[in-house]
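The values are calculated or read from the model by the stated rules, or taken from the named source; none is laboratory data. All values reported here derive from a predicted model rather than from experimental measurement. Positions of Cβ are generated from backbone atoms using ideal geometry, with glycine treated the same way; all protein chains shown enter the neighbour counts.
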Amino acid sequence: MHTWSDSLRFAFQPVVNLATGAAAALEILARPESGDVLARAQREPELDGDLAALALRDAARRESLLPLHVNVFAGTLADLGGLDALRRAVREAGRLPWEVTVDVGPPFTHVPHRALLEGVDALRKEGFRVSADGVGDGDVPLRLLDDLAPDLIKLDASLLSRRATVRAMRTLCEEIGALLAVEGVETETQCAAALDAGAQLAQGDLFAPAARLPAAKVYVPELRPAVRAQRPAGPTVRDFVRPAALLPETASAEQVRRRLTGAAEVTGVLLVDAAGVPVRSVQRDRFLLSLSTRYGHALYADRPAARLGDRPRTVGVTATAWEVLDVVADGEHTRTADDVAVVDDDGRCVGVVRLTDLVRALAESRVEEAAGLNPLTRLPGSDAVTGELDRWVAQGRAFALSWLDIDGFKQVNDSAGFAAGDELIRSVGQALARAESDAVRVGHIGGDDFLVLADPERLGPLAAAVLDAPWSAGGEAVTLSLATVVCPPGSVLDHRQAAALLAPLKKAAKARSGASWVCGQAGREGFDVRRGARATAAACARGGAPTTG
C-alpha cells in the first residue's frame with residue numbers, strides 16, 4: 001500500500017565552521033516528491049515527530065559521522081514534549097543524543113510557551129542540543145528566545161544588511177553561551193558579512209547545496225584580510241570546534257579501528273561515559289601502531305580500546321586559543337598533535353579542537369595586528385579602537401571616547417627637530433600604553449594624535465597620567481590637549497556618531513592655553529572644562545552636569 005513516506009526523500013546540507021572551513025554538522029531536510037506532507041506536519045505533531053525520526057534513520061543509512069541537525073516545528077515540541085520517536089531512532093542508529101541538534105522552527109505565535117520550554121528541558125535532560133531556527137525571518141518573540149537559551153541561533157541571511165540587529169544578536173549569543181549561525185548564504189559578500197558580524201557557523205548554496213548524499217567537501221572563500229581584521233582579538237575555542245568521533249568507553253579496539261580507518265578526517269576517537277564525559281583519548285597514529293605489531297591485532301582487537309588510550313585533555317567552550325596552547329604545552333611532547341576535547345559546563349564533550357587550526361588563526365591575527373600598528377609607537381590605529389567601541393555599543397555599555405594631541409607640535413619639530421618630535425610622540429604613546437587594560441583601549445591615529453576608549457570611571461587616572469607628566473622636547477616644556485565625550489548606554493548607534501560628538505570638543509580643548517581637558521556628554525549641550533584657562537570644579541567623569549565653555 002502506498003503511504004506518504006514512499007514519496008518522501010531527504011537531502012543533506014553542511015553547516016560550515018567559518019574559522020576552520022570544514023563541515024561541523026549536517027542538516028537533514030525533508031524533500032517530498034508529491035503531496036503536502038510538510039503542511040500536514042505543521043498541523044499534526046505526531047507526523048512531524050515521525051518525520052524527524054525518519055530523517056535520523058536516513059542519515060544513519062548514509063553512514064555519516066558528522067553531528068546532525070533535524071527540524072521540528074515549535075508546536076510539535078510543545079505538544080509532544082520529549083519527541084519519543086526521535087529518541088528511539090537515535091538509539092536504534094547507535095548515535096548519541098548530544099550528536100543531534102533539534103532545530104526548533106516557526107511558527108511560534110500560537111504555541112504555548114510554557115509547554116515549549118518544558119519540551120526543550122526534556123530534550124536537554126536526554127542530552128540533545130537545541131537550536132532556534134528561522135530567527136529574523138520568523139515570528140519568534142525575543143523574550144521567548146531568551147527563555148529558550150538555545151545552544152545555537154540560526155539567523156536568516158537577509159538580516160546581514162541590518163548590522164545593528166546582527167550585532168545585538170551576537171551580544172545575546174555571548175550572554176547565553178550560544179553559537180551564532182547564518183542560513184541561506186549564497187554569495188561571498190554574505191559570507192564576509194557573516195564572519196564580520198561574529199557568526200561562527202553558516203550554511204547555504206555558496207558552501208554546498210542540499211543534496212541526497214552528504215557533501216564530502218565544502219567551499220569556503222578566501223576572505224580579504226581587511227574583513228578578518230575587524231573580528232575581535234583573542235579567538236575563543238568555540239570558533240574552532242570540530243565534530244568529535246565518539247564511542248562508548250566500553251568500545252573494543254576493533255570498533256575504534258573501524259572508526260579511525262573509516263574516514264580520513266578522523267584523527268582520534270574519544271571514549272565517553274554514559275553522560276558523554278570523555279574518559280579516554282585514542283590518537284590515530286599511536287593506536288594503529290600498537291595494532292600493527294606482530295601480535296598487536298590478536299592481542300587487542302576484542303579487548304577494550306581504553307587500554308590503548310590516554311587521559312583526555314579538555315578545555316571549556318569559553319576557553320581562549322591561548323589557554324588551549326597552555327594545556328598542550330603542559331602535557332607530554334609526544335601528544336602535541338592530539339585533538340583537545342571541548343566540554344560544556346556539565347563536562348560533556350561538544351567537539352574537539354586541533355592545534356593546527358589554533359596556531360594558524362593566532363599567527364594570522366598577529367600578522368594582521370602587526371600590519372595595523374603604528375611603526376613609531378607600536379600602537380594600533382583607529383580601526384582597532386572604533387571596532388572595540390562598536391562592540392561596546394552593541395553590548396549596551398557606557399564608554400568615554402577621548403582624543404589627545406600635543407600642543408604646537410609643528411613648532412616642536414621646527415625648533416627641536418623631527419627626532420625630538422618623534423621621541424616625544426613615542427613617550428606619550430608609551431604612557432598611554434601603560435594605562436591599557438580591559439577597560440581602556442588606545443590607538444595612534446597618526447602624527448601626534450591619539451584615540452582612547454575607556455570606561456567613564458577610568459577618566460580621572462587616565463587624564464592624570466598624560467596631563468600631569470612633565471613633557472618636554474629639546475629642553476622646552478610641552479603641554480597636551482585632551483577632549484572627551486561620555487556616552488551612556490544607548491546614546492549613540494556607532495563610532496561615527498561618537499566621533500561627530502567629539503569633533504567640537506577637540507576644537508574647544510585646543511582653544512585653551514596650557515594642558516587642557518574638556519569633557520562633554522552625549523545628549524547634553526555644552527561641556528565641562530576640566531583643565532585649561534577656564535577650568536571648573538565640575539567632574540564629568542563623576543557624572544557632573546556639563547557647563548558650557
Determine whether the stretch 76-89 contains at least one residue that is charged (D, E, K, R), in contact with a Lys or Arg (Cβ under 7 Å, 6 or more places away or on another chain) and within 29 Å of His110 (Cα to Cα). no
Residue that is nearest to Ser131 (Cα to Cα), among those in the stretch 38-51 that are hydrophobic (A, V, I, L, M, F, W, C) and buried (at least 23 other Cβ atoms within 10 Å of the Cβ): Leu51
Just one of Phe399, Phe418 is modelled with pLDDT of 80 or more, among the aromatic types (Phe, Trp, Tyr) and surrounded by fewer than 18 Cβ atoms within 10 Å (Cβ to Cβ); which is it? Phe418
Output the number of residues of the stretch 85-115 satisfying the condition of being closer than 19 Å to Pro150 by Cβ and within 27 Å of the chain's Cα centre (by Cα). 11
Just to be sure I understand the filter: pairs with C-beta atoms under 7 Å, separated by 6 or more residues or on different chains, first member in the stretch 256-275 and charged (D, E, K, R), second member part of a strand (DSSP E or B). Which pairs pass? Arg259/Leu247; Arg259/Val269; Asp273/Val279
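Rundown of residues vs (1) aromatic (Phe, Trp, Tyr); (2) farther than 20 Å from Val237 by Cβ; (3) surrounded by 21 or more Cβ atoms within 10 Å (Cβ to Cβ), yes/no style:
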| site | (1), (2), (3) |
| --- | --- |
| Pro150 | no, no, yes |
| Asp156 | no, yes, no |
| Leu160 | no, yes, yes |
| Val185 | no, yes, yes |
| Glu188 | no, yes, no |
| Cys191 | no, yes, yes |
| Ala199 | no, no, yes |
Would you point out the residue of the stretch 166-193, among those that are hydroxyl-bearing (Ser, Thr, Tyr) and farther than 14 Å from Leu152 by Cα, that is farthest from the chain's Cα centre (by Cα)? Thr187
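Can you give me the number of residues within the stretch 240-260 that are β-branched (Val, Ile, Thr) and either touching a Ser or Thr at 6+ places or on another chain (Cβ under 7 Å) or over 30 Å from Leu325 (Cβ atoms) (or both)?
Counting residues in the stretch 240-260 that are β-branched (Val, Ile, Thr) and either touching a Ser or Thr at 6+ places or on another chain (Cβ under 7 Å) or over 30 Å from Leu325 (Cβ atoms) (or both) gives 1.
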Look through the stretch 60-74, keep the residues that are in contact with a Leu (Cβ under 8 Å, 6 or more places away or on another chain) and not β-branched (Val, Ile, Thr), and return whichever of them is surrounded by the most Cβ atoms within 10 Å (Cβ to Cβ). Ala74
Count of residues meeting criterion [in contact (Cβ under 8 Å) with a residue 12 or more places away in the chain and over 21 Å from Leu459 (Cβ atoms)] in the stretch 388-426: 14
